[in-house]
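Report on one structure; see the data block that follows.
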């Protein structure tokens, strides 16, 4: 549960967030301060969590494996499946090992997941020195993750079709069932239904992140739909992304009068002329849409009101992006 959220440019220039939060575990609650930045890592690293074994449980479910760090038997990492072991080892034995050697504060942990780097420390930090130190660690980790996880060049041309997800045949055989993609808990049966209604091709989300490791999208895609954007003459991809697991922890539900809210963004991805001037990574705001351009690719996103894929919301985004493209003369 978040408190005191502040967003803006960090000293090195990238946009980041600093917040106070309370974490719940059974009947216990613990205050934390966290600093985080968006970082493209999903092409090679699907998730990484590092903490002291005595303070945290590492892997939350079967999607993770445990890896003990060599510098201390107390520090342990949880690595999400499908991560490149070479990248994991390079991070753990290099920048993360250096970072942890000087960390003696209680409840220190770090997480790389859902397109974000987040560094946390137990208690509500209030002094400038403590907050600046936490932000400095987050920026250093983000720089290392960006360097090791996101090669600057795409591994495929944008117009090349990507393979379908492995779960697609099962969903097509039993379309009336609810099908969850773990660990995001996305309802992929809804993804297939809305894609079929709009004559869009369902592609594998992990293949998308692998093919375009540095592409500027917020969060981790659980739906990638290729074809003509509904109601427009534009051809590209529509993504549904998650910035956290799409479920409510049992211990939080009784504390909230209206549990829910946004779990991520809907994103449109289009090719534009290679000479189109780039924007800042955080993009430019047009209404409630953020538009970012880099290396001949335009990405435009807005928060999704619900957790799961929403066809009408994607239709509205497609229409708004068509207007933006026309207005900008792209």
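List of remarks:
- Any hit, region 16-27, residues being within 18 Å of the chain's Cα centre (by Cα), part of a strand (DSSP E or B) and touching a residue at least 24 places away in the same chain (Cβ under 8 Å): yes
- Taken as a whole, region 157-172 holds at least one residue that is modelled with pLDDT of 95 or more, in a helix (DSSP H, G or I) and surrounded by 15 or more Cβ atoms within 10 Å (Cβ to Cβ).
- Taking the listed residues 128, 132, 189, 143, the one that is surrounded by fewer than 12 Cβ atoms within 10 Å (Cβ to Cβ) and either within 26 Å of residue 242 (Cβ to Cβ) or in the same structural domain as residue 6 (by TED's automatic domain parsing) (or both) is 128, with no other qualifying.
- The one condition in (1) surrounded by 18 or more Cβ atoms within 10 Å (Cβ to Cβ); (2) under 20 Å from the mean Cα position of the chain (by Cα); (3) within 24 Å of residue 23 (Cβ to Cβ) that residue 108 fails to fulfil: (2)
- Set 294, 268, 253: member being assigned by TED's automatic domain parsing to the domain that holds residue 215 and at pLDDT 95 or above: 268
- Total residues in region 98-144, condition in a helix (DSSP H, G or I) and either within 19 Å of residue 9 (Cα to Cα) or touching a strand residue (DSSP E or B) at 6+ places or on another chain (Cβ under 9 Å) (or both): 19
The values are calculated or read from the model by the stated rules, or taken from the named source; none is laboratory data. Please read all numbers here as calculations on a predicted model, not as lab measurements. Note: ideal-geometry Cβ built from the backbone for every residue, glycine included; neighbour counts use all protein chains shown.
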